[in-house]
Amino acid sequence: MARGMTSRDIEELAADIGRDVYIDVAKWHLYLADAHLHTVLAEQFAPYLEAGEVTEPLLQRILAEHQVAVGGGKRQIPLTDLLPVQSQVALMDILEEYQQG
């Protein structure tokens, strides 16, 4: 994505992430929009999309660094541990689509 991402672009990216990417807990699918995690991820990936630098290792690093509070904040679990492989693939597909412009 050669041009800078506008707030509308980030909102659209967040909507796509929120609709297609989910956390799997005991075979329950909690979509990231419902978990209120879609916008923060879109904002984290935006600068890398602008620079054309989104890669699988970057995706894994950002997901591992993003801690999700569970049990009323008793524990923090990396988002990478909560997303099944299908969701990680879906997220990468979305990011690649935005990166290609």
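The values are calculated or read from the model by the stated rules, or taken from the named source; none is laboratory data. All figures in this text were calculated on a predicted structure; none of them were measured in a lab. Cβ atoms come from the backbone with ideal geometry, glycine included; neighbour counts cover every protein chain shown. Accessible surface areas use protein heavy atoms only, side chains included; no ligands, DNA or RNA. Shrake-Rupley method; radii C 1.70, N 1.55, O 1.52, S 1.80 Å.
Summary of values
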{"quantity": "Residue-averaged [θ]222 nm for the chain, counting only DSSP H segments that reach four residues, each worth -39500 (n - 2.57)", "calculated": "-17500 deg cm²/dmol"}
{"quantity": "Apportionment of accessible area to carbon and sulfur, the chain, percent (1.4 Å)", "calculated": "53"}
{"quantity": "Relative contact order (%) - the chain, alpha-carbon pairs under 8 angstrom, separation at least six", "calculated": "34"}
{"quantity": "Per residue accessible area of the chain, 1.4 Å probe, in Å²", "calculated": "58"}
{"quantity": "P(r), alpha carbons of the chain - 5 Å bins starting at zero, rounded %", "calculated": "2, 13, 25, 27, 18, 9, 4, 1, 0"}
{"quantity": "Cα-Cα P(r), the range 1-59, percent of pairs per 5 Å interval", "calculated": "4, 19, 25, 23, 17, 8, 4, 1, 0"}
{"quantity": "Förster radius 30 Å - calculated FRET efficiency between residue 6 and residue 75 (Cβ-Cβ, nearest 0.05)", "calculated": "0.25"}
{"quantity": "Loop trypsin sites (Lys or Arg not before Pro), the range 13-101, which have at most 15 other Cβ atoms in a 10 Å radius of their Cβ (DSSP)", "calculated": "27, 74"}
{"quantity": "Separation of the residue 27 and residue 56 label points, Cα + 7 Å toward Cβ, nm", "calculated": "2.9"}
